[in-house]
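Here, each number is a calculation from the coordinates, and none is a lab measurement. As the structure is a prediction and not an experimental result, all values here were calculated from the model. Note: ideal-geometry Cβ built from the backbone for every residue, glycine included; neighbour counts use all protein chains shown.
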Amino acid sequence: MPTVWTAATGQLASCSARVFRGVGAPRHGENTHTPGTATRWGARRHWSVLRLLCGTAAVVLSGCTAARSLTRPSWIADYDKAERQHRAADGTLLIWYQEARPGYADSLQKAFDTPELRRRLKGYVRCSLLRSYEPDRRYVAQYEVERAPALIVVHADGTYHARSGRMTAEDIARLLEEAQPPGATPRLNPHLHHAPHYDWLDHVDAASAVTERENKAMVVVLYRAWSRDWHRLEQLFERREVYRRFAGMVPCRVSSLSSTMEALLERFGVARLPAIVIVQRDGAHHALELPTSAEAVVRFADRAGGIGGSSPPGTETAGR
C-alpha cells in the first residue's frame with residue numbers, strides 16, 4: 001500500500017508542476033491582452049488541474065483495491081459453487097454467515113483481516129452467506145444455525161461443527177483447531193434451491209465406476225455430433241423440474257463420434273438419436289428416444305423409477 005500511495009502522490013506532484021509551469025498557458029506570441037483571453041486561459045488551467053486530480057485519485061483507488069485483493073482471502077457468495085469446490089478439493093468448507101444491513105459492522109470481519117487467520121484460511125474453501133437472503137437462511141438452517149454472525153466448518157465426510165455469536169481472532173483459531181471430523185450430521189433440506197449443475201463424464205465405463213463407488217443410478221445422453229442435439233438437451237436438463245429427477249445420478253454424455261457408440265446403441269436397444277438412458281443400480285435400464293420437451297423427460301424419469309414409481313426396463317419414444 002505505501003508503494004502505491006508514494007507512486008500516486010509522486011505522479012500528482014509531477015503533473016501539478018507541469019500545470020503551473022504553463023501547461024494550458026497562451027502560446028508564444030499570443031496577444032494576452034485581448035479581452036477575454038486571460039479568463040479563457042485561467043479556465044483551461046483550472047479544468048486541467050481538475051482532470052489531473054481526478055485521474056490521480058482513480059489511480060490511487062485502483063491501486064488500493066488491488067493491494068487489498070492480494071492480501072484478503074476471497075470468499076464465495078454462492079453455496080452451490082462452494083459445494084462444488086468443496087467436493088472437488090475433498091477438503092474443508094468454511095461458511096461465514098453474516099449480517100448485512102446499514103450501520104452494522106460484523107465483528108468477524110476485523111478478525112479475518114489478521115495475518116494469522118489469513119494464513120490459516122488458505123487451506124479452506126470459503127463461503128460467505130447473508131442472513132438477509134432467504135435461500136442462505138434455509139441453507140444454514142441445515143446446520144442448526146439461526147442467527148448471525150456464525151461460522152460453520154463442514155468436513156469432507158459431510159459432518160460439521162458450528163458456532164454463533166461474536167468471536168475474536170483467537171476464538172476463530174480455536175474453533176478451526178478443535179473442529180475435527182467427524183462432527184454433527186446436518187439435516188439436509190431436499191427442497192432447498194440448487195442451481196442446475198452436472199459434472200458430465202464422457203465415457204460410460206468411467207461413469208459406471210462412479211455409480212458402483214457411490215451406489216447411484218446413472219443417466220446417459222446419446223446424441224449426434226455436428227448437430228444441435230446437445231444444445232437442446234442441455235437446455236432441457238437445466239430446467240428445474242428435470243434437474244430434480246437427475247441431480248442424484250451420475251451424468252454421462254456420449255456423441256456419435258465415440259468409438260463406443262455402436263456398442264451402447266445395441267446394449268440399450270436404442271435405434272434413434274438423441275436418446276436419454278437411465279441405468280439403475282442393479283443394471284436395469286430405461287431409454288427415451290427423441291426427447292422433445294421437459295414434460296416428456298419428467299414423465300420418462302418418473303416411470304423409470306424416479307418420482308412416482310417405476311416401469312419394466314425398455315425403450316420408448318417421446319410422445320408415444
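Before moving on, here are some points about what is shown:
- Calculated FRET efficiency for the pair W226/R267, C-beta based, R₀ 30 Å, to 0.05: 0.80
- Qualifying chymotrypsin sites (Phe, Trp or Tyr not before Pro) in the stretch 109-142, DSSP loop, other Cβ atoms within 10 Å at most 15: Y133
- For the stretch 79-178, the share of DSSP beta bridges that are antiparallel, to the nearest 5, is 60%.
- Check: the stretch 79-178 dipole with +1 on Lys, Arg Cβ and -1 on Asp, Glu Cβ, in debye: 260 debye
- Cα shape, the stretch 79-178, gyration tensor, a/c 1.5 rule: oblate
- Nonlocal amide H pairs with S128, under 5 Å, H built at 1.01 Å: I76, A77, D78, W96
- For the stretch 204-317, a crude dipole built from +1 on the beta carbon of Lys and Arg and -1 on the beta carbon of Asp and Glu, taken about the Cα centre, is about 260 debye to the nearest 20.
- Here the Karplus relation 6.51 cos²θ - 1.76 cosθ + 1.60, evaluated at θ = phi - 60°, turns the backbone of the stretch 124-140 into coupling constants of 10, 7, 10, 10, 10, 10, 10, 5, 6, 9, 4, x, 5, 4, 5, 5, 6 Hz, with x for every Gly and Pro.
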